[in-house]
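S.K.: What follows is a single structure, and I will ask about it in a moment.
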Amino acid sequence: MPESSERLIFTFTDFGPGGPYLAQMEAAVLAEAPSARVLHLLSDAPRFDPKRASYLLAALLRELPERAVMLAVVDPGVGGDRLPLYIELDGRVLVGPDNGLFAPAAGQARRSRAYRIDWRPQRLSASFHGRDLFAPVAARLARGLEVASAPLDGSMLVGAGAPSDLFEVVYLDHYGNAFTGIRGSQVKDDRRLVINGQVVSHARNFSASSHEIFWYRNSCGLVEIAAREQAAAARLGLEVGAEVALLAG
Amino acid sequence: MPESSERLIFTFTDFGPGGPYLAQMEAAVLAEAPSARVLHLLSDAPRFDPKRASYLLAALLRELPERAVMLAVVDPGVGGDRLPLYIELDGRVLVGPDNGLFAPAAGQARRSRAYRIDWRPQRLSASFHGRDLFAPVAARLARGLEVASAPLDGSMLVGAGAPSDLFEVVYLDHYGNAFTGIRGSQVKDDRRLVINGQVVSHARNFSASSHEIFWYRNSCGLVEIAAREQAAAARLGLEVGAEVALLAG
Amino acid sequence: MPESSERLIFTFTDFGPGGPYLAQMEAAVLAEAPSARVLHLLSDAPRFDPKRASYLLAALLRELPERAVMLAVVDPGVGGDRLPLYIELDGRVLVGPDNGLFAPAAGQARRSRAYRIDWRPQRLSASFHGRDLFAPVAARLARGLEVASAPLDGSMLVGAGAPSDLFEVVYLDHYGNAFTGIRGSQVKDDRRLVINGQVVSHARNFSASSHEIFWYRNSCGLVEIAAREQAAAARLGLEVGAEVALLAG
């Protein structure tokens with residue numbers, strides 16, 4: 001297990017749970033930090049979609065242990081000119097591509113400092129920087145080691161100034177619940193949502209709902225469209241990207 | 001790795017393999033037991049279906065190491081009035097909701113003692129007791145620490161007195177094999193099963209079968225409907241809940 | 001974490017990511033090697049298909065750390081008369097069934113020595129040698145312990161002499177990219193491929209492609225048919241086993 005000073009490393013990706021990329025990335029972490037503890041937090045982030053993924057990431061980040069290192073790779077532009085970066089953020093660290101994936105998290109942080117990663121591995125593949133670049137950097141940061149880098153002006157990051165809430169579905173979980181990009185703290189209980197033409201009221205949780213379909217504040221703090229013991233997404237025909245509106249008053 | 005005195009922790013859930021819930025629960029374990037070893041035994045239990053899941057759980061439990069701690073969360077009633085509990089059971093421990101999920105396992109045990117969990121975390125979400133309540137309790141029990149609790153009369157548990165075998169399909173694996181809730185020890189080799197109108201004979205295993213579709217005693221001790229190098233479930237149109245009968249004679 | 005002398009253990013299977021088999025196998029490793037580190041490299045290998053899986057395995061193996069132990073189970077003939085074996089291969093070790101799964105890897109190795117596993121566990125199920133036989137053997141080899149075995153003539157292994165490249169699709173990843181069994185080193189950039197009647201040109205990576213569909217050398221060294229931010233497999237109607245040809249000239 002980790003040395004007492006070592007930080008937990010979490011992965012957040014669109015790699016899928018079955019394929020080779022997660023373990024390859026984990027092996028790359030272990031090559032630099034043999035005693036690291038790696039938890040695969042999410043492997044089914046919206047594919048090729050850093051924007052929607054970014055709101056999910058910001059929400060999940062709030063639940064992570066202090067000093068967690070988040071290795072976040074939703075990176076359709078890999079091999080292009082997007083910067084590799086890491087961001088120190090209220091004691092946690094994010095490592096990944098500068099494509100907007102970290103924008104809401106950085107915007108909501110009390111303090112954040114961004115760095116361009118200048119370190120390069122001996123071998124850098126054209127298509128898998130998660131394994132070749134971001135994983136060893138995350139491992140080194142988790143151990144408290146130096147990584148060649150240069151401070152970045154946070155306001156220059158891709159997506160800087162993005163709103164803190166996205167009025168869209170950003171994730172469908174295994175139950176068919178639809179996470180929105182709206183923080184639960186921003187919506188009062190008496191508000192109703194409109195999605196795919198259907199009006200949805202609030203319930204405290206699954207047991208408290210008197211409606212088949214309802215919205216509630218989920219366990220990572222987001223407004224979620226859910227249904228009792230069935231898949232809300234299938235019932236309402238929801239996909240990632242579906243728009244959500246607050247019904248007036 | 002675990003201290004020599006520390007017990008392995010297994011998870012059994014309907015969370016799905018890709019989403020955030022498994023790792024969030026694991027992180028909650030590590031917060032209480034930083035050196036714990038957590039194995040995700042099953043993440044695709046029948047959704048919202050503690051009854052079918054309970055027969056799968058009982059079978060898998062028999063294969064676990066002595067002193068294993070099983071963190072089992074198929075919990076559609078989360079946030080309602082179902083009790084949180086743990087059960088000591090032939091040296092192993094089950095932690096989870098009192099909704100019938102543990103009934104066959106408890107019924108088949110030589111010795112079992114059930115406890116209502118009275119301990120509560122500082123923050124208890126309305127919808128994710130797996131992370132907020134059951135995970136820290138499992139971690140503490142794995143370490144041999146106290147957890148505020150009170151003995152329960154086992155006969156008062158939900159599902160107490162449930163039969164030891166369920167004549168239904170309880171799980172479809174990745175190959176499309178159909179696990180039933182019937183213990184293999186209860187059915188002789190010369191018996192034939194009827195499922196979806198089709199009669200199925202016994203084979204010792206995949207290599208020994210002369211039939212395309214057959215039943216056998218699978219590696220966790222249950223009667224399973226299988227097919228050689230193809231998906232029996234698709235061939236026979238099986239879903240979780242399909243009824244299985246023993247053919248007379 | 002591992003003792004400094006202990007080797008990482010990787011699993012490569014067609015078990016699927018959600019079901020019980022991976023963790024059962026991992027628990028069997030830990031019973032023999034409590035401090036072992038087990039990484040689940042791939043759990044969605046082509047089902048029942050050691051031949052296609054073998055080319056994927058050979059490619060992934062090249063990326064693993066030196067001294068890795070690979071526990072590879074795509075084993076439709078389990079319970080039949082196929083031999084259990086392990087192969088020492090340029091410092092790494094493969095453990096699994098003799099059904100052709102290791103043939104390309106062994107053929108491409110500088111040095112390889114194969115052994116028939118003679119050791120047997122106290123209990124050997126009829127259908128899950130991954131858990132009962134191969135996992136404890138891998139654990140013992142990772143620790144440097146003896147395993148009862150006998151040298152095999154490598155030329156007698158199933159699939160010995162198989163070609164080093166397979167001109168077929170061998171794997172579809174979570175993005176819908178289609179891995180072929182062709183090593184990238186064997187195809188020059190100016191060559192075009194034909195697959196399902198469509199001609200596909202080379203690009204260095206996703207960012208460099210000016211075509212919607214292209215081939216490139218992927219991060220494990222194989223020729224892959226890919227598409228920018230979409231699923232090439234769906235676009236071209238590809239499945240595992242689809243034939244790939246080099247266009248003349």
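S.K.: Let me spell it out: the conditions are (1) closer than 28 Å to C:Gly18 by Cβ; (2) within 13 Å of chain C (Cβ to nearest Cβ), and A:Ala58 meets all of them except one. Which number is the exception?
M.R.: (2)
Here is a yes/no grid of residues against (1) free of Cβ contacts under 8 Å to residues at least 12 places away in the same chain; (2) within 21 Å of C:Ala160 (Cβ to Cβ):
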position	(1), (2)
C:Val69	no, no
C:Gly79	no, no
C:Pro84	no, yes
C:Pro97	no, yes
C:Pro104	no, yes
C:Arg111	no, yes
C:Ser125	yes, no
C:Ala135	no, no
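S.K.: Take A:Ala53 and decide whether it is part of a helix (DSSP H, G or I) and either in contact (Cβ under 8 Å) with a residue 12 or more places away in the chain or open to solvent by less than 30 Å² (accessible area, probe 1.4 Å) (or both).
M.R.: Details: part of a helix (DSSP H, G or I): yes; either in contact (Cβ under 8 Å) with a residue 12 or more places away in the chain or open to solvent by less than 30 Å² (accessible area, probe 1.4 Å) (or both): yes.
It is true that A:Ala53 is part of a helix (DSSP H, G or I) and either in contact (Cβ under 8 Å) with a residue 12 or more places away in the chain or open to solvent by less than 30 Å² (accessible area, probe 1.4 Å) (or both).
S.K.: Name the single residue, out of those in region B:198-222 being touching a helix residue (DSSP H, G or I) at 6+ places or on another chain (Cβ under 9 Å) and open to solvent by 40 Å² or more (accessible area, probe 1.4 Å), that is modelled with the lowest pLDDT.
M.R.: B:Glu212
S.K.: Considering only region C:43-55, state which residues are more than 8 Å from chain A (Cβ to nearest Cβ) and either in contact with a strand residue (DSSP E or B) (Cβ under 7 Å, 6 or more places away or on another chain) or farther than 19 Å from C:Arg110 by Cβ (or both).
M.R.: Across region C:43-55, the qualifying residues are C:Ala45, C:Pro46, C:Arg47, C:Phe48, C:Asp49, C:Pro50, C:Lys51, C:Arg52, C:Ala53, C:Tyr55.
S.K.: Sticking with this one: Go through (1) of a type in the set (Asp, Glu); (2) touching a residue at least 24 places away in the same chain (Cβ under 8 Å); (3) surrounded by 15 or more Cβ atoms within 10 Å (Cβ to Cβ) for C:Asp173 and report which single condition fails.
M.R.: Exception for C:Asp173: condition (2).
S.K.: Let me confirm something: among B:Ile182, B:Ile225, which residue is surrounded by 14 or more Cβ atoms within 10 Å (Cβ to Cβ), touching a helix residue (DSSP H, G or I) at 6+ places or on another chain (Cβ under 7 Å) and among the aliphatic types (A, V, I, L, M)?
M.R.: So the residue among B:Ile182, B:Ile225 that is surrounded by 14 or more Cβ atoms within 10 Å (Cβ to Cβ), touching a helix residue (DSSP H, G or I) at 6+ places or on another chain (Cβ under 7 Å) and among the aliphatic types (A, V, I, L, M) is B:Ile225.
S.K.: Among the polar types (S, T, N, Q), farther than 25 Å from C:Glu63 by Cβ and in contact with a Phe, Trp or Tyr (Cβ under 8 Å, 6 or more places away or on another chain): does that describe C:Ser149?
M.R.: yes
S.K.: Can you tell which of C:Gly221, C:Gly241 is in contact with a strand residue (DSSP E or B) (Cβ under 7 Å, 6 or more places away or on another chain) and within 12 Å of chain A (Cβ to nearest Cβ)?
M.R.: Working: C:Gly241 fails: within 12 Å of chain A (Cβ to nearest Cβ).
The unique qualifying residue is C:Gly221.
S.K.: Let me ask you something else. Determine whether region C:13-34 contains at least one residue that is surrounded by fewer than 21 Cβ atoms within 10 Å (Cβ to Cβ), out of contact with any Cys (no Cβ under 6 Å at 6 or more places or on another chain) and of a type in the set (S, T, N, Q).
M.R.: Scanning region C:13-34, I find no residue that is surrounded by fewer than 21 Cβ atoms within 10 Å (Cβ to Cβ), out of contact with any Cys (no Cβ under 6 Å at 6 or more places or on another chain) and of a type in the set (S, T, N, Q), so the answer is no.
S.K.: Any residue at all in region B:216-224 that's in contact (Cβ under 8 Å) with a residue 12 or more places away in the chain, in a strand (DSSP E or B) and aromatic (Phe, Trp, Tyr)?
M.R.: yes
S.K.: Separate question: When you scan region B:174-191, do you find a residue that is of a type in the set (A, V, I, L, M), away from every other protein chain (no Cβ under 14 Å) and under 21 Å from B:Arg113 (Cα atoms), even just one?
M.R.: Looking for residues that are of a type in the set (A, V, I, L, M), away from every other protein chain (no Cβ under 14 Å) and under 21 Å from B:Arg113 (Cα atoms), one finds none in region B:174-191, hence no.
S.K.: Take region A:228-248 and flag every residue that is open to solvent by 20 Å² or more (accessible area, probe 1.4 Å), within 24 Å of the chain's Cα centre (by Cα) and within 20 Å of B:Val74 (Cα to Cα).
M.R.: Matches in region A:228-248: A:Ala231 only.
S.K.: Scan (1) open to solvent by 10 Å² or more (accessible area, probe 1.4 Å); (2) assigned to a strand (DSSP E or B); (3) more than 11 Å from chain B (Cβ to nearest Cβ) for the single condition C:His40 breaks and write down its number.
M.R.: Single failed check for C:His40: (3).
The values are calculated or read from the model by the stated rules, or taken from the named source; none is laboratory data. These numbers were taken from a predicted model, which means no experiment stands behind them. Note that each Cβ is placed from the backbone with ideal geometry, even for glycine, and that neighbours are counted across all protein chains shown. Keep in mind that these areas ignore ligands, DNA and RNA; they rest on the heavy atoms of the full protein, side chains included. Shrake-Rupley method; radii C 1.70, N 1.55, O 1.52, S 1.80 Å.
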